[in-house]
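The values are calculated or read from the model by the stated rules, or taken from the named source; none is laboratory data. Computed from a predicted model, the values in this text were never measured in an experiment. Because the Cβ atoms are built from the backbone with ideal geometry, glycine has one as well, and the counts that use them run over all protein chains shown. Side chains are part of the model used for accessible areas, which takes the heavy atoms of the whole protein and leaves out ligands, DNA and RNA. Shrake-Rupley method; radii C 1.70, N 1.55, O 1.52, S 1.80 Å.
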Amino acid sequence: MNNDAHRSAPTGSPWPVVVRAAAALAAAMGVGRFAFTPILPLMQAQAGMSAGLGACLATVNYLGYLAGALLGIAAPAVVRSASALRGSLLALVASLALMPVLTGAPAWSALRLVAGAASALIFVIAVSAALSQLRAHAQHFAGWVFGGVGAGIALSGLLVLVERAVGTWQEAWWTCAGLTALLAAIAWRLPPEQSAEAATAGATGPRTHWWFVPLLASYTLEGVGYIIAGTFLVAAIERSAPGALGAGAWVLVGLAALPSCAAWAWLSRHWSRPALLLAALVIQALGIALPAVFPGVAPSLTSAVLFGATFMGISTITLAIGRHLRVPRAVAMLTAGYSAGQILGPVLSAPLLHGGYDQVLVLASALVLAAGIAAAAVRVRFPHRSGTTPRPSRT
């Protein structure tokens with residue numbers, strides 16, 4: 001069973017923090033990062049974008065995301081800055097709205113770089129704020145915060161589906177920019193993590209660094225496997241489920257992700273987080289491999305549901321463990337490892353693409369299983385009560 005430290009009595013409603021932080025993550029991740037996935041086919045059909053340029057823009061976005069995460073490590077004051085959050089939200093909206101205006105590879109690359117950096121800063125600031133301010137409340141509230149990513153994916157995916165039927169690629173970007181602006185307005189008054197609390201969080205860090213090393217390795221490997229699956233899973237599903245069913249697979253991923261984080265957080269009341277992290281990684285690995293091993297509509301759509309139900313749950317659990325271990329700047333460091341893995345993913349998968357998507361998905365599944373092995377090491381004598389003498393894990 002999970003043995004977290006005693007929490008102080010909650011004061012005030014947690015919902016304002018939940019709604020604002022969830023809106024921030026929906027803007028940063030659900031739209032800012034992931035809207036490019038369903039818009040890409042439109043740009044290829046209507047703007048003449050090549051597959052190579054699309055892959056290049058995705059890589060540039062990952063580089064920007066890594067840069068933003070590294071900034072959060074190098075300048076911790078940025079993570080506790082309301083101005084940094086608001087400036088990043090504005091930069092993200094502008095980067096999306098300008099995609100149809102500043103056309104061409106150099107301009108698109110610059111805009112996706114800005115979007116990546118802004119997304120990372122919003123993510124780190126919002127997650128740090130939510131995990132600190134919701135600490136005294138039930139764990140499922142933090143889960144609903146991460147569910148904002150799924151909501152953003154589903155909303156932007158639905159909007160782009162409509163644009164694919166009746167609109168243009170330019171209108172798809174402007175629609176997503178408008179959605180991001182609305183979400184930014186909701187997130188605008190999110191209070192960042194306070195410096196005094198951040199200092200306290202790192203006070204006993206050296207006692208728990210042993211568990212943080214395999215945690216970081218697990219999350220980095222998950223970043224590699226996740227981005228390979230996230231990039232090619234929808235294309236593989238469209239091969240087995242053509243038409244609207246295949247095109248809507250990304251929406252299905254978002255819908256599955258929306259409640260999943262709260263569900264995983266609720267389960268952490270009964271099971272240890274390291275055990276849940278291992279379980280989520282194994283489930284995700286099996287889901288990614290399904291379309292490669294069992295072709296057909298049912299396995300493909302099951303794969304989309306399992307992927308959506310785990311990828312943000314894994315982030316929820318991992319970042320919560322990082323905060324529990326009281327390692328300074330844990331959220332920023334884990335996010336940097338995750339984003340570094342996403343840069344490595346396309347490099348590892350590129351040589352396998354000539355054989356279709358099956359080999360790529362098997363590779364992604366194997367990498368996620370490797371992440372599970374690293375997560376298993378986190379369970380060894382895990383300190384369920386941070387700052388106390390480690391005891392063997394019960395689960």
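Probe 1.4 Å, all protein chains in place: accessible area of Tyr62 in Å², nearest 10?
Only protein atoms counted, so the area is about 20 Å².
Which whole-Hz couplings ³J(HN,Hα) result when phi for each residue of segment 358-367 is put into the Karplus expression 6.51 cos²θ - 1.76 cosθ + 1.60, θ = phi - 60°, listed in order with x for Gly and Pro?
4, 5, 5, 5, 5, 4, 4, 4, 5, 5
In deg cm²/dmol and to the nearest 500, what is the mean residue ellipticity at 222 nm of the chain if only DSSP H runs of at least 4 residues count, each as -39500 (n - 2.57), divided by the residue total?
-25000 deg cm²/dmol
Please check which bits of segment 162-189 a label hung off Gln46 would reach, taking the label as a point 7 Å along Cα-to-C-beta and the cut-off as backbone N under 20 Å.
162-181
³J(HN,Hα) across segment 249-259 via Karplus (A = 6.51, B = -1.76, C = 1.60, θ = phi - 60°), whole Hz, x for Gly/Pro?
Along segment 249-259, the couplings run 4, 5, 5, 4, 4, x, 5, 5, 6, 3, x Hz.
So what does His209 come to for accessible area, using a 1.4 Å probe and Å² rounded to 10?
Surface open to solvent at His209 totals about 80 Å².
Please list Ile39, Ile283, Ile373 from largest to smallest accessible area, probe radius 1.4 Å, with all protein chains kept in place.
Per-residue accessible area, sorted high to low, gives Ile373, Ile283, Ile39.
With each label point set 7 Å from Cα along the Cα-Cβ vector, what nm distance links Trp271 and Ala136?
3.1 nm
Using a Förster distance of 25 Å, how high is the FRET efficiency between Ile373 and Val297, based on the Cβ-Cβ distance and rounded to 0.05?
Result of the calculation: an efficiency of 0.20.
Computed from these coordinates, which is Cα extents along the principal axes in Å: (1) 73, 46, 35; (2) 59, 46, 32; (3) 66, 48, 40?
Recomputing Cα extents along the principal axes in Å here picks out (2).
For a Förster distance of 51 Å, can you work out the FRET efficiency between the beta-carbons of His209 and Thr168, rounded to the nearest 0.05?
E between His209 and Thr168, to the nearest 0.05, is 0.50.
Quick one: net charge of Ser119's neighbours, Cβ under 14 Å, K/R +1, D/E -1?
Net of charged neighbours comes to +2.
Which whole-number percentage describes the relative contact order of the chain, with Cα contacts under 8 Å and a sequence gap of 6 or more?
Rounded, it is 26 percent for the chain.
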